[in-house]
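Trainee: Dropping the structure in here first, questions after.
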Amino acid sequence: MNQNNVILNTLTYVVFFMIFLFSIHIFLAGHFAPGGGFVGGLLMASGLLLLYVTFDLETVRKMLPINYSILVAIGLLFALGTASIGLVAGDAFFTHYFNHFQLPLLGDSELHTAMLFDTGVYLVVVGVTMMIIESIGGDQ
Amino acid sequence: MIFGVMIICSIVIGISLLLLVLRLLKGPTTIDRVIALDAIGVSLIGLIGIFSIIVDTAFYVEIILLLAVLSFIGTISFAKFLEKGKIIDDSSKK
(Lines give C-alpha, C1' and ligand atoms only; values in the text may rest on other atoms or scores of the structure.)
Protein backbone atom coordinates (compact mmCIF):
# COMPACT_ATOMS: atom_id res chain seq x y z
CA MET A 1 0.00 0.00 0.00
CA ASN A 2 2.15 2.83 -1.20
CA GLN A 3 -0.74 5.03 -2.23
CA ASN A 4 -2.68 7.14 0.23
CA ASN A 5 -6.28 7.38 -0.96
CA VAL A 6 -7.99 8.56 2.23
CA ILE A 7 -11.44 9.15 0.71
CA LEU A 8 -11.78 5.62 -0.68
CA ASN A 9 -10.45 4.01 2.53
CA THR A 10 -12.81 5.98 4.79
CA LEU A 11 -15.76 5.30 2.48
CA THR A 12 -15.02 1.58 2.37
CA TYR A 13 -15.07 1.24 6.18
CA VAL A 14 -18.69 2.52 6.19
CA VAL A 15 -20.06 1.23 2.90
CA PHE A 16 -18.78 -2.34 3.34
CA PHE A 17 -20.91 -2.82 6.46
CA MET A 18 -23.91 -1.22 4.75
CA ILE A 19 -23.58 -3.69 1.86
CA PHE A 20 -23.10 -6.55 4.34
CA LEU A 21 -26.27 -5.65 6.29
CA PHE A 22 -28.24 -5.16 3.05
CA SER A 23 -27.07 -8.58 1.88
CA ILE A 24 -28.31 -10.16 5.14
CA HIS A 25 -31.61 -8.30 4.75
CA ILE A 26 -32.07 -9.47 1.14
CA PHE A 27 -31.19 -13.02 2.23
CA LEU A 28 -33.77 -13.07 5.06
CA ALA A 29 -36.45 -11.28 3.00
CA GLY A 30 -36.68 -14.14 0.51
CA HIS A 31 -39.62 -16.50 0.04
CA PHE A 32 -42.37 -13.89 0.55
CA ALA A 33 -40.64 -10.80 -0.86
CA PRO A 34 -38.02 -10.26 -3.58
CA GLY A 35 -34.66 -11.63 -2.44
CA GLY A 36 -33.20 -14.96 -1.49
CA GLY A 37 -29.88 -16.71 -1.20
CA PHE A 38 -28.57 -16.08 -4.70
CA VAL A 39 -29.02 -12.30 -4.74
CA GLY A 40 -27.78 -12.00 -1.15
CA GLY A 41 -24.67 -14.03 -2.00
CA LEU A 42 -23.94 -11.88 -5.04
CA LEU A 43 -24.31 -8.72 -2.93
CA MET A 44 -21.96 -10.13 -0.29
CA ALA A 45 -19.45 -10.97 -3.04
CA SER A 46 -19.69 -7.41 -4.40
CA GLY A 47 -19.04 -6.06 -0.90
CA LEU A 48 -15.94 -8.25 -0.62
CA LEU A 49 -14.94 -7.05 -4.10
CA LEU A 50 -15.07 -3.48 -2.76
CA LEU A 51 -12.55 -4.54 -0.07
CA TYR A 52 -10.33 -6.08 -2.75
CA VAL A 53 -10.47 -2.89 -4.84
CA THR A 54 -9.70 -0.61 -1.89
CA PHE A 55 -6.94 -2.66 -0.25
CA ASP A 56 -4.68 -5.12 -1.99
CA LEU A 57 -4.97 -8.89 -2.28
CA GLU A 58 -2.58 -9.73 0.56
CA THR A 59 -4.21 -7.38 3.09
CA VAL A 60 -7.69 -8.77 2.50
CA ARG A 61 -6.39 -12.34 2.76
CA LYS A 62 -4.85 -11.41 6.11
CA MET A 63 -8.09 -9.65 7.17
CA LEU A 64 -10.42 -12.52 6.19
CA PRO A 65 -8.48 -15.80 6.22
CA ILE A 66 -11.25 -17.77 4.51
CA ASN A 67 -10.58 -20.69 2.19
CA TYR A 68 -13.38 -20.22 -0.32
CA SER A 69 -13.33 -23.79 -1.63
CA ILE A 70 -14.12 -25.00 1.92
CA LEU A 71 -16.96 -22.43 1.98
CA VAL A 72 -18.38 -23.93 -1.24
CA ALA A 73 -18.13 -27.42 0.30
CA ILE A 74 -19.97 -26.31 3.46
CA GLY A 75 -22.70 -24.72 1.33
CA LEU A 76 -23.18 -27.87 -0.77
CA LEU A 77 -23.31 -29.92 2.46
CA PHE A 78 -26.06 -27.59 3.80
CA ALA A 79 -28.08 -27.98 0.58
CA LEU A 80 -27.70 -31.76 0.46
CA GLY A 81 -28.44 -32.11 4.19
CA THR A 82 -31.62 -30.05 3.89
CA ALA A 83 -32.75 -32.11 0.91
CA SER A 84 -32.08 -35.35 2.84
CA ILE A 85 -34.32 -34.40 5.81
CA GLY A 86 -37.28 -35.80 3.87
CA LEU A 87 -35.53 -39.14 3.36
CA VAL A 88 -34.84 -39.51 7.11
CA ALA A 89 -38.42 -38.54 8.02
CA GLY A 90 -39.90 -41.01 5.53
CA ASP A 91 -41.12 -38.51 2.93
CA ALA A 92 -39.92 -37.79 -0.58
CA PHE A 93 -36.51 -36.28 -1.32
CA PHE A 94 -36.53 -32.44 -1.13
CA THR A 95 -39.75 -32.33 0.96
CA HIS A 96 -40.43 -28.85 2.32
CA TYR A 97 -41.51 -28.48 5.97
CA PHE A 98 -42.77 -25.34 7.66
CA ASN A 99 -44.60 -24.40 10.83
CA HIS A 100 -45.54 -21.41 12.98
CA PHE A 101 -43.47 -20.74 16.09
CA GLN A 102 -43.74 -18.17 18.90
CA LEU A 103 -40.31 -16.57 19.05
CA PRO A 104 -39.35 -14.34 22.03
CA LEU A 105 -38.86 -10.99 20.27
CA LEU A 106 -40.30 -11.56 16.80
CA GLY A 107 -43.69 -12.94 17.86
CA ASP A 108 -45.54 -15.32 15.58
CA SER A 109 -43.11 -16.26 12.81
CA GLU A 110 -43.13 -18.91 10.13
CA LEU A 111 -39.97 -21.03 9.90
CA HIS A 112 -39.18 -23.04 6.75
CA THR A 113 -36.60 -25.67 5.93
CA ALA A 114 -36.16 -23.87 2.58
CA MET A 115 -34.28 -21.28 4.64
CA LEU A 116 -31.53 -23.84 5.38
CA PHE A 117 -31.31 -24.69 1.68
CA ASP A 118 -31.02 -20.96 0.94
CA THR A 119 -28.14 -20.73 3.42
CA GLY A 120 -26.35 -23.35 1.35
CA VAL A 121 -27.05 -21.42 -1.86
CA TYR A 122 -25.73 -18.22 -0.22
CA LEU A 123 -22.45 -19.88 0.85
CA VAL A 124 -21.94 -21.53 -2.54
CA VAL A 125 -22.55 -18.29 -4.46
CA VAL A 126 -20.18 -16.28 -2.22
CA GLY A 127 -17.51 -18.99 -2.43
CA VAL A 128 -17.63 -19.51 -6.18
CA THR A 129 -17.70 -15.77 -6.97
CA MET A 130 -14.78 -15.02 -4.68
CA MET A 131 -12.80 -17.98 -6.06
CA ILE A 132 -13.27 -16.59 -9.59
CA ILE A 133 -12.32 -13.06 -8.54
CA GLU A 134 -9.24 -14.25 -6.60
CA SER A 135 -8.01 -16.39 -9.48
CA ILE A 136 -8.51 -13.56 -12.01
CA GLY A 137 -7.16 -10.78 -9.78
CA GLY A 138 -4.21 -12.74 -8.37
CA ASP A 139 -2.90 -13.86 -11.75
CA GLN A 140 -0.56 -11.22 -13.19
CA MET B 1 -52.14 16.05 -9.43
CA ILE B 2 -49.22 13.95 -8.14
CA PHE B 3 -49.61 11.62 -11.10
CA GLY B 4 -49.14 14.45 -13.61
CA VAL B 5 -46.09 15.75 -11.76
CA MET B 6 -44.53 12.28 -11.77
CA ILE B 7 -45.20 11.86 -15.51
CA ILE B 8 -43.51 15.20 -16.26
CA CYS B 9 -40.52 14.27 -14.05
CA SER B 10 -40.08 10.90 -15.73
CA ILE B 11 -40.21 12.55 -19.19
CA VAL B 12 -37.46 14.99 -18.15
CA ILE B 13 -35.32 12.17 -16.74
CA GLY B 14 -35.91 10.20 -19.96
CA ILE B 15 -34.64 13.12 -22.06
CA SER B 16 -31.54 13.40 -19.86
CA LEU B 17 -30.99 9.62 -20.17
CA LEU B 18 -31.09 9.94 -23.98
CA LEU B 19 -28.52 12.74 -23.89
CA LEU B 20 -26.34 10.68 -21.53
CA VAL B 21 -26.46 7.70 -23.90
CA LEU B 22 -25.39 10.08 -26.68
CA ARG B 23 -22.45 11.20 -24.53
CA LEU B 24 -21.65 7.55 -23.75
CA LEU B 25 -21.51 6.72 -27.46
CA LYS B 26 -19.52 9.69 -28.80
CA GLY B 27 -17.62 10.86 -25.69
CA PRO B 28 -14.17 12.04 -26.77
CA THR B 29 -12.27 10.50 -23.84
CA THR B 30 -12.80 7.46 -21.62
CA ILE B 31 -13.33 9.72 -18.58
CA ASP B 32 -16.41 11.23 -20.27
CA ARG B 33 -17.83 7.76 -20.88
CA VAL B 34 -17.27 6.68 -17.25
CA ILE B 35 -18.94 9.82 -15.91
CA ALA B 36 -21.86 9.32 -18.35
CA LEU B 37 -22.23 5.72 -17.11
CA ASP B 38 -22.31 6.87 -13.47
CA ALA B 39 -24.88 9.57 -14.29
CA ILE B 40 -27.01 6.98 -16.14
CA GLY B 41 -27.00 4.90 -12.94
CA VAL B 42 -28.13 7.86 -10.82
CA SER B 43 -30.84 8.79 -13.36
CA LEU B 44 -32.10 5.21 -13.40
CA ILE B 45 -32.35 5.31 -9.59
CA GLY B 46 -34.48 8.46 -9.86
CA LEU B 47 -36.65 6.91 -12.58
CA ILE B 48 -37.26 3.77 -10.51
CA GLY B 49 -38.14 5.97 -7.51
CA ILE B 50 -40.73 7.87 -9.58
CA PHE B 51 -42.14 4.59 -10.91
CA SER B 52 -42.36 3.31 -7.33
CA ILE B 53 -44.41 6.41 -6.39
CA ILE B 54 -46.69 5.97 -9.46
CA VAL B 55 -47.56 2.32 -8.78
CA ASP B 56 -47.62 3.00 -4.99
CA THR B 57 -45.47 0.13 -3.71
CA ALA B 58 -42.34 -0.12 -1.55
CA PHE B 59 -40.86 -3.21 -3.24
CA TYR B 60 -38.76 -1.08 -5.60
CA VAL B 61 -36.80 0.49 -2.72
CA GLU B 62 -34.60 -2.61 -2.45
CA ILE B 63 -33.96 -2.50 -6.20
CA ILE B 64 -32.92 1.15 -5.86
CA LEU B 65 -30.44 0.22 -3.10
CA LEU B 66 -29.10 -2.70 -5.16
CA LEU B 67 -28.61 -0.48 -8.22
CA ALA B 68 -26.88 2.15 -6.07
CA VAL B 69 -24.43 -0.44 -4.70
CA LEU B 70 -23.62 -1.85 -8.15
CA SER B 71 -23.25 1.60 -9.72
CA PHE B 72 -20.95 2.69 -6.87
CA ILE B 73 -18.67 -0.34 -7.16
CA GLY B 74 -18.59 -0.03 -10.95
CA THR B 75 -17.59 3.62 -10.83
CA ILE B 76 -14.90 2.97 -8.18
CA SER B 77 -13.47 0.11 -10.25
CA PHE B 78 -13.45 2.18 -13.45
CA ALA B 79 -11.76 5.08 -11.68
CA LYS B 80 -9.08 2.81 -10.20
CA PHE B 81 -8.51 1.12 -13.56
CA LEU B 82 -8.05 4.47 -15.30
CA GLU B 83 -5.75 5.74 -12.54
CA LYS B 84 -3.61 2.69 -11.71
CA GLY B 85 -3.97 0.39 -14.73
CA LYS B 86 -5.17 -2.58 -12.69
CA ILE B 87 -8.16 -3.03 -10.41
CA ILE B 88 -6.88 -5.40 -7.71
CA ASP B 89 -3.40 -4.69 -6.38
CA ASP B 90 -1.10 -7.61 -5.67
CA SER B 91 1.62 -6.66 -3.22
CA SER B 92 3.09 -10.16 -2.88
CA LYS B 93 4.36 -10.24 -6.47
CA LYS B 94 6.57 -7.16 -6.24
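The values are calculated or read from the model by the stated rules, or taken from the named source; none is laboratory data. This structure is a prediction, so every number in the text was calculated from the model and none was measured. Note that each Cβ is placed from the backbone with ideal geometry, even for glycine, and that neighbours are counted across all protein chains shown. These area figures cover heavy atoms from the full protein model, side chains too; ligands, DNA and RNA do not enter into them. Shrake-Rupley method; radii C 1.70, N 1.55, O 1.52, S 1.80 Å.
Trainee: Looking only at the range A:26-49, which residues are in contact with a Leu (Cβ under 9 Å, 6 or more places away or on another chain) and either more than 8 Å from chain B (Cβ to nearest Cβ) or of a type in the set (A, V, I, L, M, F, W, C) (or both)?
Mentor: To start, the set of residues in the range A:26-49 that are in contact with a Leu (Cβ under 9 Å, 6 or more places away or on another chain) comprises A:26-27, A:35, A:37, A:39-41, A:43, A:46, A:48.
Across the range A:26-49, the qualifying residues are A:26, A:27, A:37, A:39, A:40, A:41, A:43, A:48.
Trainee: Cβ-Cβ below 6 Å, separation at least six or inter-chain, first residue in the range A:19-33 and under 19 Å from residue B:71 (Cβ atoms), second β-branched (Val, Ile, Thr): which pairs?
Mentor: From residues that are under 19 Å from residue B:71 (Cβ atoms), the pairs are A:19/B:69; A:26/A:39.
Trainee: Go through (1) touching a strand residue (DSSP E or B) at 6+ places or on another chain (Cβ under 9 Å); (2) within 14 Å of chain B (Cβ to nearest Cβ); (3) acidic (Asp, Glu) one by one and return the number of the condition residue A:108 breaks.
Mentor: All conditions are met except number (2).
Trainee: Sticking with this structure for a sec: Would you point out the residue of the range A:43-59, among those that are part of a helix (DSSP H, G or I) and over 23 Å from residue B:66 (Cβ atoms), that is least open to solvent (accessible area, probe 1.4 Å)? Walk me through it before giving the result.
Mentor: Let us first name the residues in the range A:43-59 that are part of a helix (DSSP H, G or I), namely A:43-54, A:57-59.
Keeping just the survivors that are over 23 Å from residue B:66 (Cβ atoms) gives A:57-59.
Numbers: A:57: 2, A:58: 65, A:59: 51 Å².
So, considering only residues that are part of a helix (DSSP H, G or I) and over 23 Å from residue B:66 (Cβ atoms), the one least open to solvent (accessible area, probe 1.4 Å) is A:57.
Trainee: Kindly list the number of the only condition in (1) on the phi > 0 side of the Ramachandran plot; (2) of a type outside the set (Phe, Trp, Tyr); (3) within 14 Å of chain B (Cβ to nearest Cβ) that fails for residue A:63.
Mentor: The one condition residue A:63 does not meet is (1).
Trainee: So which of B:2, B:54, B:64 is open to solvent by less than 70 Å² (accessible area, probe 1.4 Å), in contact with a helix residue (DSSP H, G or I) (Cβ under 9 Å, 6 or more places away or on another chain) and more than 25 Å from residue A:49 (Cβ to Cβ)?
Mentor: It is B:54.
Residue by residue, here is whether (1) open to solvent by 70 Å² or more (accessible area, probe 1.4 Å); (2) over 19 Å from residue A:29 (Cβ atoms); (3) in a loop (DSSP other than H, G, I, E, B); (4) modelled with pLDDT of 80 or more holds:
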position	(1), (2), (3), (4)
A:81	no, yes, no, yes
A:85	no, yes, no, yes
A:88	yes, yes, no, yes
A:92	no, yes, yes, yes
A:96	yes, no, yes, yes
A:101	yes, no, no, yes
A:105	yes, no, yes, no
A:116	yes, no, no, yes
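Trainee: Let me ask another. Filtering the range A:6-25 down to residues that are more than 11 Å from chain B (Cβ to nearest Cβ) and open to solvent by less than 70 Å² (accessible area, probe 1.4 Å), which residue is farthest from residue A:110 (Cα to Cα)?
Mentor: Result: A:9.
Trainee: Another question about this same structure. Taking the options B:46, B:74, name whichever one is more than 11 Å from chain A (Cβ to nearest Cβ) and closer than 25 Å to residue B:33 by Cβ. I'd like the intermediate steps shown before the answer.
Mentor: Values: B:74 fails: more than 11 Å from chain A (Cβ to nearest Cβ).
Exactly one of B:46, B:74 is more than 11 Å from chain A (Cβ to nearest Cβ) and closer than 25 Å to residue B:33 by Cβ, namely B:46.
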